Structure formats: structure tokens, C-alpha cells
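Asker: Below you'll find the structure I mean.
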Amino acid sequence: MATFKDFRNNVKPNWCPGCGDFSVQAAIQRASANVGLEPEQLAVISGIGCSGRISGYIQSYGFHGIHGRSLPIAQGVKMANRDLTVIASGGDGDGFAIGMGHTIHAMKRNIDITYIVMDNQIYGLTKGQTSPTSAEGFTTKSTPSGSVESPLSIMEMALATGCGFVAQGFSTDLKDLVSLIEQGINHKGFSFINVFSPCVTFNKVNTYDWFKEHLVNLNEIVGYDTSNRGMAMQTIIEHNGLVKGLIYKDDKKKSYQEAAHGYSDKPLTGTDLKLPEEKFNELVAEFM
Amino acid sequence: MKGGIWMRDQLSWKVGGQQGEGIDSTGEIFAIAMNRLGYYLYGYRHFSSRIKGGHTNNKIRVSTNEVRSVSDDLDILIAFDQETIDLNSHELHDNGIIIADSKFKPEKADETGASLYVVPFTEIAADLGTSLMKNMVAIGATTGALGLDVNQFEEVVKEIFGRKGEKVVEKNMEAIRQGAAYFKKESGGQIENLKLNEADGRRRMFMIGNDAIALGALSAGVRFMPAYPITPASEIMEYLIKKLPDFGGTVIQTEDEIAAATMAIGSNYAGVRALTASAGPGLSLMMESIGLSGITETPLVIVDTQRGGPSTGLPTKQEQSDLMAVIYGTHGDIPKIVMAPSTVEEAFYDTIQAFNLAEEYQCPVILLSDLQLSLGKQTVEPLDYNKIEIRRGKLDLQQEIPARGDKSYFKRYEVTEDGISPRVIPGMVNGIHHVTGVEHDETGKPSESPSNRQSQMDKRLRKLSNLKFDTPVHKKAPHEEADLLIIGYVSTRGGIEEAIPRLENEGLKVNHAQIRLIHPFPSEELRPLVESARKVAIVEHNGTGQLANLVKMNVGHAEKIHHILKYNGNPFLPKEIHNKCKELF
Ligand SMILES: Cc1ncc(C[n+]2csc(CCOP(=O)(O)OP(=O)(O)O)c2C)c(N)n1
Ligand code: SF4
Ligand SMILES: [Mg+2]
């Protein structure tokens, strides 16, 4: 059985020292081993950004695509081979700006993949512009006098889409993060894990200390029920989205694969491409 | 007669009325029945983007020989409203007839020499129980005019209405009978000059180009289609929605075309042939994905059913103006194949080839159709199972990849002589590697080193230098020295083929080349034909002569190349091509 070390490769990440993304990488490696995967059974599909580099830092199949499109690529992979474990990942700009349409629809569609966003409230790779999750008043290169737009409440949005697994983690809490990713992988359907992953270079506001001070651990809220969507919504609103832990989980919802009419329960990669002759002749006869 | 050749072995029929009134099904039932009798058909629908209301018509050509073009003129016009008469009478020749519903008190349009027969379509249908059957009465009147035995329609009517019970079948047959009888009485017997020669009675397929593309995809082993609806591509998706579940596959209607193209890339990367199809607006959105397929060497097949551009343009009209966009439209240099089937049969076989080429050369392949080919419904000889061939190039799913001991990646982008690298898919033991749209080394790790960049670029760009492609140019070139070479692509083939005998009758020696491989451009195939012709006419549906410019760029001889362009939304008629070519001499 593979251990987390088998998911380490020999590539040295080019992230800045201290970047939150290191922990996300480690958490994915540990969770993959913990759920019993072998490296070749995992495909990590990523977008473009500092965070997007992650697919190259894990010993598994990896696809580093184009900005904002990790989700459709990942869904295509999963539809082709339902036996693979597919993780899509990227940044807050990747998933909530350019790729937002895909994010909402992937949640709605509910294909059984796990989506991990490294949310640093900034565009790291392009050297520090405002992001969809940047706070109002946040000054960046692109908002020198402070952002006049209000940030998206990603967790409220995820709940509104009907997403069946919504969680939020913090990159220093490795143990908790590993557990969330394991649960996400094991969930039958689309699982979404937003991870606060500080950018130490361009975001001097949302720092590790800032998150430690502001994040509320859902485990510590007495009576919090992860199957209660109304409670989840209310709690998020109360804490302005600054919560960590499993927020909402719907175990009854059927995944796309389970629901799709006729869709094979075996990987489509095993299909014999050539149609049987009688089948073909039947199809031809329908046009005669 | 107002031009056009009047032949008893072919006939042109049109039904028109308001959109949403069953005009399509009238044409469809008539056409299916004629197909059954062994006639060759060519049906072209004129429709607007509105779903209900607005003039619509369905023009069907019936012939004892193969036809692939809209006809120059019209023999029979079935009119459900005055607008149909006003808008379409100019197509009728003097021996033609209009059969119109008495309901709207039809009047002949001023300019027509054709005769008008008034038949109470709606009234007869209503007397039989429902005015919805007025289309069957109209078909009956047509059989009366053509002297066809109405009983020959019984089988088709049974097939279409059988599910609704015997009574409905009988009612519809009765509507046909009464329509025929009424017309015969009204016209004083059969109109002798409309009598069609008997067909051979053989059964053939009757389908639109999109059906052929969809069936081709299924036959190529496609099991997944992510797509976003658009005219005139949607029928491909609709067919596969019906059929894929029988084969374990599925269609996903995506949120947009970027998702469609990238999802298809994901599926192809994982080893399952996936198709997506769109038209100009969707293709524009897919451009970045096409580049991703190119640099990651992931097979990708996209069908582009061209329609009137730019922007939303003429969404339901014929055009061929995406040529430059699909050849050059992505940033950076990538290997890419652009194919252009010119008949429905070719659309079927080419779709299969597109998937083979995409896997053999590990690059994007764009299959260009156009609205006329995609939606024109025509008779096709039964497709041949034995001609279906599946080739996956350097992808070997059975291979055992040797372990490497260390954690080095599989060399997915190994620099090889032919530029094509070994391919594995996720899930394979010891096949782990990285794929990225960033420039990368042989294992897929990002690399910006100039020497690596050079070798990876060269590797990708030489992949197509030995492209093996069956019949890149469809040639009909009987003359060693020709007065005229006509060049076209996609659906103009039918019109060109009809114009040529007329030009030859007038003493010109004419060769024909229909280009089936657009990119890489088959310059060497085409050059001798261009060089041996006094003049070259390039027939295409766009305003700037995109194909002509491509020929000039690749083959030269701009001095003898003439543009024959049409971009008003309607397909070329044979006589237009004939006349424009004649003007060159
Ligand atoms: C279509 C396109 N537009 C713009 C870019 C430039 N770009 C690359 S990454 C990025 C944003 C990165 O921010 P985020 O997704 O939050 O990732 P981070 O670097 O913060 O991890 C942008 C705008 C691009 N690569 N592609
Ligand atoms: S710029 Fe920010 S997000 Fe990018 S690697 Fe550095 S710390 Fe991480
Ligand atoms: Mg970011």
C-alpha cells in the first residue's frame, strides 16, 4: 500500500518560502495515501496561477491546463474513467473569476470529483491584483485606492448551487485539512473544499495570524449539524464566511454518474471502439 | 419556361407556410415516401431563427439520379399562405404549378406563368376530424399531380403514425386519398408533363450531414460528447443523446463551449474518444482550448458547422466564413488538421478519420461542415461497415510499461524522429507523467530552457510533415489542359458538379477540385491542376474569398484566380455558378 511518500515526486516547487500552498500539497499527498490510493489511480487537474502548479508537485497523473478550466478538464477525465480519483485544484482567481461559470455548474452537475481551491484573496502569479474574494477596501496593484467591490461569499454560493459537500480548511491545520480531503474524496459526488492558503508575498492583510484570529472552528459550535443546509447558510452569514471544517454534506444526493441514464458502471476506457456489425446495420437501417 | 432544364427524371417541389405550422413534417413525409420508392432526394429547408411564425419552406428535389444541390427552379409549389406564393413564385417555371389551400383565397403572384390549383387542404382535413391533417391532404394533392399511386404512401404513413393506432393511420391515408382525388378532379386528370420516370425501388439512407457526422462519431468509438447547443450543430448532439446510452456513453450539455472543448480534452487525455460540435460563435470561444490540445498533444476533434457570421450573424443561413479562423485561430504555433467533407457520405467517413488522425498525430482536428451540408437532407447509398477503420497511433493500452525504480516520469513527450511520442493514459501503472500547457520537457515538466523549447517546438511542428491523408482533394479533372478549373469546399460540390456539364456543353473544358484537407494545405495536389488551367474560379460562401486567398498563398498564380462569392445567406444555385463562370470568358 502506498504511503504519503509515494505521492511525493522529485520536483521542487517554485512557490515562495512560507506560501500556504505547500500545506495543501502535503495534505493531498497524505489524504490520497490514507484513502488507499496508488499514485497511478489519482489524476490531479489544475488551473493556472501559483496554486495551479500543484499538479506538477504530486506523484500522480497530472494535467496543468488553462486558466479557469481545471473543472471541465477534470470532469472530462472522470467521465472517461470513473475508476480514477480525480482532484481539480487552483486559485481563487482561477475558480471564482475566470472559471466561475464552471465552478457553479460543476457543483450543480455533481460529477464525483474533489475540487480544492487555494484561496489567498489575491492573484499571486500575476503579482498581486485583487481577486473575487478580496475584501472591500483591499489595496492591490489593480485597486490602488482600495477595492470598491464587495467580496464574493463563496460558501453561500456553494450552498446555493446545491453542492452536496462543502468544506473550508486552513492550510496550517494540516490534520484537519487531510481529514477534509479524505472525506471529500470518499464523498459520492462533487466535493468542494476551499482552503485559506495565505500568499506571504502579495497579501499582507490576510496573513496566517489574521486567519488564526478570525477563523471559527465549526467543531466548536455546539449543536452544529452538517446535514442542515439552513443552519450552514446561517452560520456562514453570521461569521462572514470565516469558518473552518465541514460545512455541509448531503449523502442522499445521487452523483451524476449514478443518475445518468445508460452511463456505464465500468470505465469507458475499456470500450471496444468498433461497433458490432449488426448494431451498425441497425443504426443504418433507421435512416432507410 | 424561365430557364433551368426541364427533365422528367427530376422534379422540384416546395412546401411553404408559417413556421410552426407543420411545414417541415409535410416535406418530411413526402420526402421519406419518395425515398422509399427509390428516388434520390435533396431537401433544403429555409427557416428563420424564430420558432413560431415567419415564413418557412422546405424545398425537395426528387430525381432518378444522385443530386446534391438545391435546384435552379421549381415545378410544384404547395402553399399554405399567400406569403408563400408571393415569396416563391419567381422560382416556378411556366409549366410549374401552385397548389394552394382554399382557406386563404390564394391569388397568383403577378410575374408567374405557372398555373394555380386551389384545393381545400384545411377543409378536407377538418371534415376528417382535425385540420392538423391539412399537410396530408397537400401530399395527396401532390401525388395526384405526379400520377403516383397513393397506396405507395401507406407504408410510410403506417410507420409515422402507427404508434397512434390504426385509426389515425387510416384517417391520414384518407386525407391523402381525398387530396389526390380533389386535385385530379380540379385539374381534369393528371398533368402529363409532371410525370416522373419510375425509380429503381432500392432502399437507401435519407439523412442530413449532421446525422452522418453523429453516426460517424459513434462508429469511431466516441462514447462521450460534451456540447453546448447551437444552430446548425445541435442535431449531432441530439442524435448522440439518443444513442450513446445504448453504448454506455453519455452527452453532457455544458455551461458553455469552453467547458465543452476542455471537457473533451479531459476525456481524450484519459483515453476515451470525445466529440464536441459547434458553429462560429462557439468555435471562437474554443480557441484557447485548441491551443491547449496542440501543446499538450492531446487528441481533440471539433466539428464546426459553419453559418453566417460574424458574431451572431445569420444564424440559420448558409456561409463558409470560418476558414481563416479555424486554420489560424489560436495563439502560438501548433500542428492542427482541418478537414472539409463535401458530401454526406464523406462527412460520415471523415468523422471516423478525424478521430484516427487526432490520435495518430496527437493534435486537434477540426472537421468543417457548413449549414447546407449539415442540414441538407439527402439520399445516401448505405454506409459500409467494412470501410470503418479504427487507428489509435502510438497509444497502446495493453502495453506493460517497465518500472523505472526512481520517481522519474514516463517520457510522454519523448523527442522522436516523426515527432510523435508514445502515449499512455491515466490509470496505467508506471505511466505517470505530467501534462501542461506550459512549455515542458520530455516528461512534461515545465521548462523554459531555449534548447528544450527548440526541440519540443520542432518535435510538435514536424508531426504533420508526413501526414497521410486519403484524397486531400476530390478531383474530377478529365482535361490535361483546361479552360477553367473550379475549386470549392464543403457543400458547393453539388452546385459545381451541375454547372460543369452546362459549361462543357458551351464548349469549355472544365476541371473540378473540391478541397477536402484544408490544413495542412494540399498545395502539391492542387498545383498541377492550377497550372494546367487557363483560369481558376474559386466558388465559396463568404465575402472576402478566404479559400481563394488560401490557394493564392499556397499555390500562387493569383493572376488567374477569380472569386465567385455568395454571402447573402442562400446556397449557390447551379445556374449562378454556371453564369458567373461563363462571364469569365
Ligand atoms: C486567459 C488568461 N488570462 C489571464 C491569464 C493570466 N493569469 C495567470 S494566473 C492569473 C491569476 C492567478 O490568481 P489565482 O487564480 O488566485 O491563483 P494564485 O496565483 O493566487 O494561486 C492570471 C490573471 C492567463 N494565464 N490566462
Ligand atoms: S506569490 Fe504568493 S501565492 Fe504565489 S507562491 Fe508566492 S506566496 Fe504563494
Ligand atoms: Mg489567488
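Rule-based calculations on the coordinates, nothing more; no lab input. Predicted, not measured: the structure shown is a model, and the values here were computed from it. As a convention, Cβ positions derive from the backbone with ideal geometry for all residues, glycine included, and neighbour counts pool all protein chains shown.
Asker: Report for the stretch B:207-387 the percent antiparallel among DSSP-assigned beta bridges with both residues inside it, nearest 5.
Answerer: 15 percent
Asker: As an exercise, identify the trypsin sites (Lys or Arg not before Pro) in the stretch B:189-276 lying in DSSP coil whose Cβ has no more than 16 other Cβ atoms within 10 Å.
Answerer: Values: sites: B:Lys195, B:Arg202, B:Arg203, B:Arg204, B:Arg223, B:Lys242, B:Lys243, B:Arg273; in loops: B:Lys195, B:Arg202, B:Arg203, B:Arg204, B:Arg223, B:Arg273.
Passing both the DSSP loop test and the Cβ count: B:Lys195, B:Arg202, B:Arg203.
Asker: Going through the stretch A:128-164, which GluC sites (Glu not before Pro) have at most 13 other Cβ atoms within 10 Å and a DSSP loop state? Kindly include the intermediate steps, with their values, before the conclusion.
Answerer: Numbers: sites: A:Glu136, A:Glu149, A:Glu156; in loops: A:Glu136, A:Glu149.
Those that pass, being in a loop and sparsely packed, are A:Glu136, A:Glu149.
Asker: log₁₀ I(q)/I(0) of the stretch B:291-412 at q = 0.15, 0.20, 0.21, 0.22 Å⁻¹, via Debye over equal Cα point scatterers, no solvent, to two decimals?
Answerer: Relative scattering, expressed as log10 I(q)/I(0), comes to -0.81, -1.16, -1.22, -1.27.
Asker: Could I ask something else about it? May I ask for log10 I(q)/I(0) of the stretch A:182-235 at q = 0.13, 0.21 Å⁻¹, from a Debye sum over the Cα atoms as equal point scatterers with solvent left out?
Answerer: Summing over Cα pairs of the stretch A:182-235 leads to -0.51, -1.00.
Asker: Per residue of chain B, what 222 nm ellipticity follows from adding -39500 (n - 2.57) for every DSSP H run with n ≥ 4, rounded to the nearest 500?
Answerer: Theoretical 222 nm ellipticity from helices: -10500 deg cm²/dmol.
Asker: Right, another one. Report the antiparallel proportion of the DSSP beta bridges in the protein assembly as shown as a percent, rounded to a multiple of 5.
Answerer: Taking every DSSP beta bridge within the protein assembly as shown, about 30 percent pair in antiparallel fashion.
Asker: What does the C-alpha gyration tensor say about the overall shape of the stretch B:207-387? Classify as rounded when a/c is under 1.5, otherwise prolate if a/b is larger than b/c, or oblate.
Answerer: Rounded.
Asker: Within the stretch B:492-550, list the GluC sites (Glu not before Pro) lying in a DSSP loop whose Cβ has at most 14 other Cβ atoms in a 10 Å radius.
Answerer: Within the stretch B:492-550, the qualifying GluC sites (Glu not before Pro) (loop, at most 14 other Cβ atoms within 10 Å) are B:Glu506.
Asker: In the P(r) worked out for the stretch B:341-477, what percent of Cα pairs fall beyond 19 Å?
Answerer: Summing the P(r) of the stretch B:341-477 above 19 Å gives 62 percent of all pairs.
Asker: Average the reciprocal distances over every distinct pair of alpha-carbons in the stretch B:4-203, invert the result, and give the Kirkwood radius in Å.
Answerer: Value: 16.6 Å, from the Cα pair sum.
Asker: So for the stretch A:114-246, what are the equivalent ellipsoid semi-axes in whole Å, largest first, each being the square root of 5 times an eigenvalue of the Cα gyration tensor?
Answerer: Calculated on Cα positions only, the semi-axes equal 26, 16, 14 Å.
Asker: Mind jotting down the distance between the C-alpha centroids of the stretch B:339-406 and the stretch B:409-461, whole Å?
Answerer: A separation of 24 Å, based on Cα centres.
Asker: Still on this model: Once the cut-off is 26 Å, how many percent of the Cα-Cα pairs in the stretch B:15-132 end up in the long-distance tail?
Answerer: Working: 1302 of 6903 pairs.
Every Cα pair in the stretch B:15-132 considered, those over 26 Å come to 19 percent.
Asker: Working from the pairwise distances between different alpha carbons, so that the mean of 1/r is found and then inverted, what is chain B's Kirkwood radius in Å?
Answerer: Numbers: mean 1/r = 0.0390 Å⁻¹.
Radius from the Kirkwood sum: 25.7 Å.
Asker: Taking the radius of gyration and the Kirkwood hydrodynamic radius from Cα positions alone, what is the Rg/Rh ratio for the stretch A:245-288, to two decimal places?
Answerer: 1.28
Asker: Could you check what % of the DSSP bridge pairs in the stretch B:4-203 are antiparallel, to the nearest 5?
Answerer: 55 percent
Asker: May I ask for log10 I(q)/I(0) of the protein assembly as shown at q = 0.11 Å⁻¹, from a Debye sum over the Cα atoms as equal point scatterers with solvent left out?
Answerer: Normalising to I(0) and taking log10 leaves -1.19.
Asker: Then there's this: What number, in percent, do you get for the relative contact order of chain A if the mean sequence gap of Cα pairs under 8 Å and at least 6 apart is divided by its residue count?
Answerer: Taking the mean separation of contacting Cα pairs over the length of chain A, I get 18 percent.
Asker: How large is Rg over Rh for the stretch B:473-582, taking Rg from the Cα atoms and Rh as the Kirkwood inverse mean of 1/r across Cα pairs?
Answerer: Rg divided by Rh gives 0.92.
Asker: Residue by residue through the stretch A:32-43, what is 3J(HN,Hα) from phi via Karplus (6.51 cos²θ - 1.76 cosθ + 1.60, θ = phi - 60°)? Round to whole Hz and write x for glycine and proline.
Answerer: 4, 5, 4, 7, x, 7, 9, x, 6, 8, 10, 10
Asker: Please compute, over every Cα-Cα pair in chain A, the percentage with a separation greater than 28 angstrom. List each step's numbers first, then the result.
Answerer: Numbers: 14967 of 41328 pairs.
Percentage above 28 Å: 36.
Asker: So, in Å, what gap is there between the alpha-carbon centers of the stretch A:19-51 and the stretch B:526-576?
Answerer: A separation of 55 Å, based on Cα centres.
Asker: Grab every C-alpha pair in the stretch B:106-198, bin the distances at 5 angstrom width from 0 up to the longest one, and report whole percents.
Answerer: Final binned percentages: 3, 14, 22, 21, 19, 11, 7, 2, 1, 0.
Asker: Quick one: which residues, 5+ away or cross-chain, put their amide H under 5 Å from the amide H of B:Leu368? H built at 1.01 Å from N.
Answerer: Here the answer is B:Asp304, B:Met339, B:Ala340, since their amide H atoms fall under 5 Å of that of B:Leu368.
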